[in-house]
Amino acid sequence: MKVRPTPKGRRVDPKALDEVRKLLGSEPRRRDLLIEHLHRIQDKHGHLSAAHLAALAQEMSLSLTEVFEVATFYHHFDVVKEGEPAPPALTVRVCDSIACEMAGAQALLKKLPSILGKDVRVIPAPCVGRCEVAPCAVVHQNPVGNATVDKVSAAVKSRSVKCPDPACVDYATYRKRGGYRLLADCLAGKRTRDEITKIMEDSGLRGLGGAGFPAGRKWRIVAAEPAPRLMAVNIDEGEPGTFKDRWYLERDPHRFLEGMLVAAWCAGVGEIYVYLRDEYAGCRAVLERELGKLQKTPPCVLPPIHLRRGAGAYICGEESAMIESIEGKRGMPRLRPPYVAQVGLFGHPTLEHNMETVHWVREIVEKGAPWFAAQGRHERKGLRSFSVSGRVRKPGVHLAPAGITVRELIEEYCGGMRPGHEFYAYLPGGASGGILPAAKGDVPLDFDTLQPHGCFIGSAAIVILSQHDQAAAAARNLMRFFRDESCGQCTPCRVGTAKALALMEERSWNQPLLGELSQAMMDASICGLGQAAPNPVQSVIKYFPHEVQ
């Protein structure tokens, strides 16, 4: 049998192959590192040429199809086909998701191209996780908050990458404040797995990425599965209106890392993967630096910790899609069962957690479960980190009691509404959580309290609308986001989001047809994106019918 000297597909250019080999250096050529290697090529050349993709495929012993389908799935990879011109060396992404659109993103998108010139590409982008400083533009990897034409122009000239808050608690400072003592005690046998897990259960801490599954129970479920067990930490907060994970990570990264390591120990995990969205270049620099310090002088024996970089795909916030991405594949949600706690990353039982969930572990253990459980309001338990944006005086992350109402949140934490704006409506759970009128402003904000009204809290992203906004316009913005971010795997979501948006762009909505379409999406979509996408539509029909008749 004749053996091919090279894999099937495009002939490999020797120069491109040499460039790829130099970029990859001594890094392993494993399949799960495909996305990491694509980033290396794009960071160096500003795009992914057909020649480089073919060279990478040969170097990794993959078919060109495998490489191409992954590269074209993610928004941040600029794939240039043979014969096509390369994009300009510099790209400016202007966020056009809900908070930024309300703050004037469309005007920026209209003005910037003629001002910045043909050597700079200006494109719209989905939420970049900086809703508190809307509108936001990203110049290469430099976020420009409260963006204006002048600010963006200045950033284009400097082309620098902005570092996070300089007040970040570094490794030495964290250790001086008692950091990693809990982890060291756990590994030294001074605390038991059952003891720490019981504290989490008694505190009522639930997953803060949106699903709300009890944290302690999840640890027990994974610990009961056969070894080896893995952990995957989700910091791919792409939900429009959500930015709390970034906020904490920029300020106190080791509190998250210690909580992550304690959770891994309790669940019997032997290896950890941290998945960070690509938009958070500053956070990535912090994590790389602080992880390096931790691993150089560890307080105790540490499991292997791998930092993986997303590539611009909201769907990878779904746990199984994130796992597919960590494995170097397209972020396609898996059918369940089996669940990731049973068959997850690389086929092993996997403890999947949102970043903020493990951020709370140390404080809850040190202060006790009763302390955390006693923090709620209106008969709810715990604390919530609310990402608040929109028409308030003080947008940002506000730590408040679980069960606080949106009226209380606006007045007590956000400084009230902005001058000239009156409270009209709000999104209680980001893009997928629905839209409620001001008349529903006294509903406690927590898990399970909003469902009777057709909404949910999700990751506690609150977007405030005023009398100058329309709920129907907000819903159109959200559906456009869902259409663009659908992975395309299942027909109800892929076709349903596009069809729903077309119907919503009519002056008068065909409400019976939208209702039928919404029900099909909720019933038949594989994952939460398609299942929750109709929530804003249903909310507008139910609470704001005067806007769409």
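The values are calculated or read from the model by the stated rules, or taken from the named source; none is laboratory data. Remember, predicted model here, so these are calculated numbers, not experimental data. In this analysis, Cβ positions are derived from the backbone assuming ideal geometry, glycine residues included, and neighbour counts consider all displayed protein chains. With ligands, DNA and RNA removed, areas are computed over all heavy atoms of the protein, side chains included. Shrake-Rupley method; radii C 1.70, N 1.55, O 1.52, S 1.80 Å.
Using θ = phi - 60° and the Karplus form 6.51 cos²θ - 1.76 cosθ + 1.60, what ³J(HN,Hα) does each residue of segment 425-439 get, whole Hz, x for Gly and Pro?
Result, rounded to whole Hz: 7, 7, 9, x, x, x, 4, 9, x, x, 9, 10, x, 4, 4.
Which entries in LYS218/LYS394; LYS81/LYS151; LYS190/LYS367 show an alpha-carbon gap greater than 25 Å?
Over 25 Å Cα-Cα: LYS218/LYS394; LYS81/LYS151.
Can you compute the modelled spin-label distance between SER158 and GLU506, with each label point 7 Å from Cα toward Cβ, in nm?
It works out to 5.0 nm between the two label points.
Ignoring ligands, DNA and RNA, what percent of the accessible area of the chain is carbon or sulfur (1.4 Å)?
51
Could you give the length gained on full extension between SER26 and ALA107, defined as 0.36 nm per residue of separation minus the Cα-Cα distance, in nm? Let's see the in-between values first.
On the way: separation 81, 0.36 × 81 = 29.16 nm, distance 4.65 nm.
Going from the current span to full extension adds 24.5 nm.
Count charges around ALA533 for me, please; just the other residues with Cβ under 15 Å from its Cβ, Lys/Arg as +1, Asp/Glu as -1.
Net charge in that neighbourhood comes out at -1.
What label, among [x] 0.96; [y] 1.01; [z] 1.07, belongs to Rg/Rh (Cα atoms, Kirkwood Rh) computed from the structure on display?
Correct label, based on the coordinates given: [x].
Write down the accessible area per residue of segment 384-504 in Å², having rolled a 1.4 Å probe over the full set of protein chains.
32
Mind giving me the FRET efficiency for GLU201 and LYS15? R0 is 56 Å, r the Cβ-Cβ distance, nearest 0.05 is fine.
The value I calculate is 0.45.
How much accessible area per residue does segment 112-186 have, counting only protein heavy atoms and a probe of 1.4 Å, in square angstrom?
Value returned for segment 112-186: 49 Å² of accessible area per residue.
Quick one: net charge around MET102, please, counting Lys, Arg +1 and Asp, Glu -1 for every other residue with C-beta under 9 Å from its C-beta.
-1
Please enumerate, by chain and number, the aspartates and glutamates with C-alpha under 18 Å from the C-alpha of LYS22, excluding those fewer than 8 residues away in the same chain.
ASP13, GLU36, ASP43, GLU59
At 1.4 Å probe size, with every protein chain present, just tell me what the per residue accessible area of segment 247-324 comes to in Å². Show your work: numbers first, answer last.
Values: 2090 Å² over 78 residues.
It amounts to 27 Å² per residue over segment 247-324.
State, to one decimal in nm, how far the label point of GLU379 lies from the label point of ASP78, with both points 7 Å from Cα in the Cβ direction.
Label at GLU379, label at ASP78, 5.6 nm between them.
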